[in-house]
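Just below is one structure, and these are the notes that go with it.
We did not get these values from a lab; they are worked out from the coordinates using the rules stated. Only a predicted model underlies this, so the values are computations on that prediction, with no experimental measurement involved. All Cβ positions, even for glycine, are placed from backbone atoms using ideal geometry, and neighbour counts span all protein chains on display.
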Amino acid sequence: MTNTDPRKTSIMRELGKEHDITYRQEVLKPLFECIKSADSCYLIGAGSMGKTRLLDHLVRTDVQQHYLGERAAHTLIIRLDMNRLSDFSEWEFYELMLFNIVQVSGQCGIPEIEKKSASFLQTFLMPVLDHPGNTLKALRFLELVITNLMVVDEDLAICFLMDEFDEAYRRLPTKVFAHLRGIRDANKNRLCYALLVRNAPAYLRPNLMEHEGFYELLSRNPIPIGPYARQDVHAMLQQLEARFGYPLTEAIRDKIYEISGGHPGTVLAIFTNLRRTVEGVPYRFDPRWLIKEENVKEECRKLLASLEPDEQVGILEFAKGNMADASPLIKTLRLKKLLTSVEGQVPQIFSPVFAAYLQALPENTKPA
């Protein structure tokens, strides 16, 4: 018999060995520190930086236990995918929050909350679904669900993890941001928001008057999602080696990390090319040769296209030596970890392969 309980969801498992607990710790440590202190934040990064893997990793029970300790048993991380919105209306947004609360609470591992989940479904979610477009009802029922959760577990903390939030930040009605701030203020020290974006909130919605209260919650805590650290590149390569039966030496893994800059899409593309070329050929690790390979070129193209038009122009100018270190765009590109920022040194593009790709583009290249 098929289980149609909407509170039950399946979880995609990683093929091969799961990531170590310390995977992406440079991102997850500050994120979980924010969750522990109920501080809102935003995680910012360019495209193809492994965000989906990061999210799949952080919802693992053992990962939350590692970072939260005993607080893990009293913490709900509710992941909201903004790709599931169609018209970015108030009602639709609150319904999505309600729906995900019901799903997460139904399988959260906290017995008292799991028992309440069925009543949340019948008492709060279904009436909202029966009255599409009734924004006030959806908002009030959302507030009631959160209040019920806080009463069930007096030590409970909630983090709403809002994925792919760029378009939502641009298009959601102004009232939503005031309501989100109000919900947080009603549950101070127990509720926070974590936004995953490609651009800073002030860039996405330049009129700060429209979202000032909500923005104040986030603005002090930007967390970059940059390229992989060395140990994560090695772990990724070891997964690929096991999957394809193509072992690498430690020195080759280091070389791939060095020339890719830790960009996961480029790591995969270089590994794929290694399997196709003859061992010992020196140009296998030459960025100028690699960018002629279609799969490597495509990863670089996608990374460049994920940037805003002014950022695309800026990083192209930087690659060709035409942008001064004092340019305001330098700060943005550093925040996204696309430029290295070692103190006392001239910034460099994080990946020799990506730098070679940018330098090879024609002078009149237009933003994607």
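The GNM of the chain, with springs linking C-alpha atoms under 10 angstrom apart, assigns the highest mean-square fluctuation among His179, His263, His57 to His179.
Taken over segment 230-360, the convex hull of the Cα atoms encloses 115 Å³ per residue. The three principal axes of the C-alpha atoms in segment 147-258 carry coordinate ranges of 55, 39, 23 Å, sorted with the longest axis first.
Based on Cα contacts under 8 Å between residues 6+ apart, segment 230-360 shows a relative contact order of 26 percent. Spacing of the modelled spin labels on Asn134 and Tyr246, each 7 Å from Cα toward Cβ, amounts to 5.8 nm.
On full extension, the segment bounded by Glu18 and Val313 gains 102.4 nm, given 0.36 nm per residue less the C-alpha separation.
Measuring nothing but how far apart in sequence close Cα pairs (under 8 Å, 6+ apart) lie, relative to its length, the chain scores a relative contact order of 21 percent. Placing a label point 7 Å from the Cα of Thr52 along the Cα-to-Cβ line, the residues of segment 158-179 whose backbone N sits under 16 Å from it are 163-165.
Computed from the C-beta positions of Thr365 and Lys115 and an R0 of 56 Å, the FRET efficiency is 0.45 to the nearest 0.05.
Cross-link partners of Lys302 among lysines, defined as those whose alpha carbon lies under 25 angstrom from its own and excluding same-chain residues fewer than eight positions apart: Lys51, Lys255, Lys292, Lys320, Lys331, Lys336, Lys337, Lys366.
Taking 0.36 nm per residue of separation and subtracting the Cα-Cα distance, full extension of the segment from Lys188 to Lys292 would add 32.1 nm. Put simply, the Cα atoms of the chain extend 66, 48, 38 Å along their principal axes, the longest span coming first. Loop-resident trypsin sites (Lys or Arg not before Pro) (DSSP state other than H, G, I, E or B) in segment 112-197 with no more than 16 further Cβ atoms inside 10 Å of their Cβ: Lys188. For segment 116-172, the convex hull drawn through the C-alpha positions has a volume of 103 cubic angstrom per residue.
For the peptides 204-210, 106-112, residues were scored by their other Cβ atoms within 10 Å and the scores averaged per peptide; the highest-first order is 106-112, 204-210.
Taking a spot 7 Å from the Cα of Lys302 along the direction of its beta carbon, which residues of segment 32-51 have an amide N less than 13 Å from it? In segment 32-51, the label zone of Lys302 (backbone N under 13 Å from the point 7 Å along Cα→Cβ) covers 47-51. A simple spin-label model places the labels of Thr123 and Glu258 6.2 nm from each other, with each point 7 Å out along Cα-to-Cβ. Treating the angle as unsigned and between 0 and 90°, give the value, to the nearest 10°, between the Cα long axis of helix 264-276 and the longest Cα principal axis of the chain. Helix 264-276 sits roughly 50 degrees off the main axis of the chain. The shape of segment 69-181 can be summarised by an equivalent ellipsoid whose semi-axes, obtained from the alpha carbon gyration tensor, come to 24, 17, 12 Å from longest to shortest. Using a simple spin-label model with pseudo-atoms 7 Å out from Cα toward Cβ, Thr61 and Glu216 lie 4.0 nm apart. Taking amide H as placed 1.01 Å from N in the peptide plane, the amide H of Leu43 sits under 5 Å from that of Leu195, Leu196, Val197, Ile223, each at least 5 places away or on another chain. Backbone geometry of segment 295-300 corresponds, through the Karplus equation with coefficients 6.51, -1.76 and 1.60 at θ = phi - 60°, to 3J(HN,Hα) couplings of 5, 5, 4, 5, 5, 5 Hz, x marking Gly and Pro. Given their separation in residues at 0.36 nm each and the Cα-Cα distance between them, Arg230 and Phe88 gain 47.2 nm when the chain is fully extended.
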